[in-house]
1. Yes or no: the stretch 208-221 includes at least one residue that is of a type in the set (Val, Ile, Thr) and within 18 Å of the chain's Cα centre (by Cα).
2. Since Leu283 meets every condition but one in (1) in a loop (DSSP other than H, G, I, E, B); (2) more than 10 Å from the ligand (Cβ to nearest atom); (3) surrounded by fewer than 20 Cβ atoms within 10 Å (Cβ to Cβ); (4) not charged (D, E, K, R), which condition does it not meet?
3. Does Ala187 meet the test of being in contact with a strand residue (DSSP E or B) (Cβ under 8 Å, 6 or more places away or on another chain), outside the structural domain of Arg94 (by TED's automatic domain parsing) and more than 12 Å from the ligand (Cβ to nearest atom)?
4. Can you find even one residue in the stretch 205-218 that is within 17 Å of Arg111 (Cα to Cα) and either among the charged types (D, E, K, R) or surrounded by fewer than 18 Cβ atoms within 10 Å (Cβ to Cβ) (or both)?
5. Taking Val242 as the residue in question, decide whether it is under 16 Å from the mean Cα position of the chain (by Cα) and crowded, with 20+ Cβ neighbours inside 10 Å.
6. If we only count strands (runs of 3 or more DSSP E) wholly inside the stretch 46-143, which ones have 2 or more residues that are modelled with pLDDT under 95 and farther than 15 Å from Asn157 by Cβ?
7. Any idea which of (1) of a type outside the set (Asp, Glu); (2) within 30 Å of Ala38 (Cα to Cα); (3) outside any loop (DSSP other than H, G, I, E, B) is the one Leu239 doesn't satisfy?
8. Identify, by number, the condition in (1) within 8 Å of the ligand (Cβ to nearest atom); (2) under 27 Å from Glu101 (Cα atoms) that Met261 doesn't meet.
Amino acid sequence: MRSTHRTHPGRDRSAARRAAAALCVAWAFAALPLFARAVPVPDLPAMKTAMGVPATTVTVVEPHLSTREHAVQVRYRGWPAVAVLDKLLGPAWRAPGVEVEFRALDGYVSRIPNERFLRYRAWLVFERIGHPAFALDNLQQNEKDVQLGPYYLVWDNIGHPELLPEGASDWPYQVAAIQVSQARTNALLPKGIAPGFEASAALAQKYCLSCHRVNGYGGDKAPGNLALTARALPAAEFLRWVLQPSRVRPGTTMPGLPDSMAEADRRDAAQHLLDYLVAVPVLP
Ligand code: HEC
């Protein structure tokens with residue numbers, strides 16, 4: 001099992017086609033950019049040449065090895081992610097609403113909103129310092145010696161401790177290609193949505209859309225359009241479900257909002273998710 005926030009590209013592509021069909025007018029006017037193609041990340045010698053500056057070291061609390069009680073620090077070597085994105089994607093990745101897709105060797109895709117790179121420092125790394133292999137154990141998924149190469153995206157969660165509760169979401173490994181994507185904006189913040197839902201849409205993406213979809217965008221572990229599923233439930237039931245699904249339906253495979261968040265934040269997040277899912281226009 002790969003981490004759940006990844007979505008499979010085959011499904012991604014068919015979802016993108018459906019969304020594209022539904023939105024062909026909007027897409028035509030948005031003039032789907034020429035850069036909407038995956039760029040292979042060069043191999044290490046070519047990267048060294050392309051970057052033109054030596055790689056640097058970064059120390060992070062490694063979320064795959066750490067628990068809430070026990071933080072494990074690991075040192076890696078690589079380049080600041082923004083420098084790599086600028087080099088490989090040009091300025092396109094900095095446009096508002098854009099996401100950067102990280103494609104792994106096995107085809108899994110992680111999509112990360114560009115704002116995150118502008119707010120927090122990340123590195124694209126290629127070496128685990130003081131360790132014989134560029135690999136680690138994935139405690140949460142009971143996997144040993146997971147290969148991280150060719151590249152692994154890590155976040156400075158020591159400089160930005162607010163990232164610590166997020167765990168390993170947005171830490172894609174085995175990264176082979178990157179790409180600029182506007183699929184998220186088209187599906188999650190479509191024309192006609194009231195302003196101010198950006199943060200809630202990002203919450204949904206982070207905590208729900210690895211499994212669910214909104215307007216065709218997201219994962220494939222739960223059927224339907226989550227915007228419609230949410231509307232079909234009374235508000236109180238939705239909130240109870242999202243906070244403690246296994247209380248409502250023992251044995252469900254759906255996790256609640258993470259309990260690494262403070263309880264008040266969890267409740268706020270659930271309410272924001274409900275408000276957003278009820279407000280987002282449902283695309284055909
Ligand atoms: C790991 C996958 C996964 C994640 C993440 C996930 N869900 Fe689910 N969700 C499911 C599955 C599977 C079901 C089907 C019900 C079941 O398995 O019991 C479901 C069902 C639901 C339902 C229908 C409940 C009902 O009464 O029928 C709602 C509403 C829902 N999810 C909302 C959310 C929201 C909101 C989030 C984000 C906070 C979320 N889900 C995150 C997998 C997931």
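The values are calculated or read from the model by the stated rules, or taken from the named source; none is laboratory data. All values reported here derive from a predicted model rather than from experimental measurement. For neighbour counting, all protein chains shown are included, and Cβ atoms are generated from backbone atoms with ideal geometry for every residue, glycine included.
1. Checked the stretch 208-221: at least one residue is of a type in the set (Val, Ile, Thr) and within 18 Å of the chain's Cα centre (by Cα).
2. (3)
3. yes
4. Of all residues in the stretch 205-218, those within 17 Å of Arg111 (Cα to Cα) come to 205-218.
Checking the rest, the ones that are also either among the charged types (D, E, K, R) or surrounded by fewer than 18 Cβ atoms within 10 Å (Cβ to Cβ) (or both) come to 206, 213.
Within the stretch 205-218, one or more residues are within 17 Å of Arg111 (Cα to Cα) and either among the charged types (D, E, K, R) or surrounded by fewer than 18 Cβ atoms within 10 Å (Cβ to Cβ) (or both).
5. Against the criterion (under 16 Å from the mean Cα position of the chain (by Cα) and crowded, with 20+ Cβ neighbours inside 10 Å), Val242 does not qualify.
6. Details: elements: 56-61, 73-80, 99-104, 109-113, 122-128, 135-138.
Where strands (runs of 3 or more DSSP E) fall fully within the stretch 46-143 and carry at least 2 residues being modelled with pLDDT under 95 and farther than 15 Å from Asn157 by Cβ, they are 99-104, 109-113, 135-138.
7. So Leu239 meets the others, but not (2).
8. Going through (1) within 8 Å of the ligand (Cβ to nearest atom); (2) under 27 Å from Glu101 (Cα atoms) one by one, Met261 breaks only (1).
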